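This report concerns only the one structure given below.
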Amino acid sequence: MLYRVIDASELPGLIEAFLRDYEVIAPVRKGMSYAFEPVEDFSSIELDYPTTLTSLKKYYLPPRETLFRFDAREGMLAPYELTVRPRVLFGAHACDINAINNLNLAFDDARYPDPYYDAHKRANMIVGISCSPSSTCFCHLLESDEARSGYDLFLTDIGGRYFVSIGSVEAANILEAACNPREATDEDRRAFRASTRRRQEAFDEDIPDVQEIPMLMDAFHSDAFWAELGGRCLSCTACSAVCPTCYCFDIVDVLDPSGETGSRDRVWDACTSPQFALVTGGHNFREDGRERVRHRMYHKLNGFNANHGRYLCVGCGRCVRACKADISPIEVLRFFSEKGAEDAC
């Protein structure tokens, strides 16, 4: 990995350089919150932002995407030509970069190639930035508070300047042309370590650090806790809408007004929806909230880990804020922590 330092005053020039050849997506203020949106210049970007309301997932897996069009009269299929303008996703926090890494693991399966996802992935360049955790962040407990891969540049604020980790040649060339990157001094490295310590110390200590989460998910699979937690669920699917790693989708046919032509679209779906596990004949494999909520948490904290060696949940805290029934992985961690305290007694 290559490391350089640039002055904070050079960031507008870096954005200007990106805008020449890329669409730039960056955090902007939206009312009382923040969102990733296209920008035209540096002035509208908010780099000192808490976690955005929604994630960068939509730039890899859009909420609705046409796969192909069809003509029922002719019995013809017309392949849908997907053209994605090259983009720079600027200002991504480490948790969101790790979330994208998880999505890549899910979709980069040679047995089932997904050209649509791949087209978005190839079009995206990622520039990450350091953050200060809010009260609902718990990424450090799920090993997602640092981005070790998956970015082209990562900027850490070290006071009036940025410590830059360079992850790709393309990004390095743009950085070199737009800024005056220099090698880090001992003072820069000390400032970097101090910035890292401040971030680590800012997490909410009331959120329990639980070890062996996958094992505990299995051990307490039938506990009454899941009935209580699932009984609160409103099935609104807000959790999956804001989650950066939920990747379930449905395939729907959309007819034009004539009823003779239309398109086949991929749309986001959610395992907390009552219809998600409903099959032909009326049988529902997960009929109640207990089974649906448990399934979602199990996939986030156990199933994905078993297949890929990392948690699917990245601890960004979006679902904590979105859920009106106080259902989140934090509640699961607290449950496991309480069980551990009971066993200790």
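Here are the numbers for this structure:
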| quantity | calculated |
| --- | --- |
| Around residue 274: net Lys/Arg minus Asp/Glu count, Cβ-Cβ under 14 Å | -1 |
| Projected-area average for the range 157-269 over all orientations - Cα convex hull basis, square nanometres | 15.7 |
| Options [x] 20.7, 68; [y] 22.0, 73; [z] 30.6, 101 - which one matches Rg and Dmax of the Cα atoms in Å as calculated here | [y] |
| For peptides 182-191, 304-313, sequence by mean Cβ density within 10 Å, most packed first | 304-313, 182-191 |
| Potential lengthening between residue 168 and residue 221 on full extension [0.36 nm per residue; Cα-Cα distance subtracted] | 14.8 nm |
| Interchain or long-range residues, amide H under 5 Å from residue 87's placed H | 23, 124, 125 |
| Hypothetical label at residue 110: residues of the range 288-311 whose amide nitrogen lies under 20 Å (7 Å Cα-Cβ projection) | 307-309 |
| Separation of the residue 194 and residue 251 label points, Cα + 7 Å toward Cβ, nm | 5.7 |
| For the chain, with +1 on Lys and Arg beta carbons and -1 on Asp and Glu, the positive-most of 208, 236, 68 along the dipole | 236 |
| Förster-model FRET efficiency, 41 Å R0, residue 132 and residue 84, C-beta, rounded to 0.05 | 0.80 |
| Ranked packing of 277-289, 61-73, 160-172, most packed first, by mean Cβ within 10 Å | 160-172, 61-73, 277-289 |
| For the range 1-92, alpha-carbon Rg relative to the globular expectation (2.2 N^0.38 Å, N residues) | 1.48 |
| Residue 54 accessible area, assembled protein chains, probe 1.4 Å, Å² | 50 |
| Projected label distance in nm at residue 148 and residue 40, using a 7 Å step from Cα toward the beta-carbon | 4.3 |
| Average Cα contact separation per residue, the chain, under 8 Å, 6 or more apart, as relative contact order % | 22 |
| Semi-axes of the equivalent ellipsoid for the range 197-338, Cα gyration tensor, largest first, Å | 32, 19, 14 |
| Solvent exposure, largest accessible area first (probe 1.4 Å, DNA, RNA and ligands not counted), of 318, 193 | 193, 318 |
| Table column - 3J(HN,Hα) (Hz), the range 209-223, Karplus curve with 6.51, -1.76, 1.60, x for Gly and Pro | 8, 9, 8, 6, 4, x, 5, 5, 4, 6, 5, 10, 4, 9, 5 |
| Unit charges on C-beta of K, R, D, E only; dipole of the chain, Debye | 160 |
| Alpha carbon centroid spacing (whole Å) that separates the range 302-342 from the range 183-260 | 7 |
| Amide H partners (placed H, <5 Å) of residue 30, local residues excluded | 35 |
| Difference of contour (0.36 nm per residue) and Cα-Cα distance, residue 277 to residue 9 | 91.2 nm |
| Chain lengthening between residue 235 and residue 284 when straightened (0.36 nm per residue, less Cα-Cα) | 16.2 nm |
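The values are calculated or read from the model by the stated rules, or taken from the named source; none is laboratory data. Because the structure is predicted, anything quoted here is derived from the model rather than measured. Heads up, the Cβs are rebuilt from the backbone with ideal geometry, glycines too, and the neighbour counts pull from every protein chain shown. To get the accessible areas, we keep the full protein, side chains included, count just its heavy atoms, and leave off ligands, DNA and RNA. Shrake-Rupley method; radii C 1.70, N 1.55, O 1.52, S 1.80 Å.
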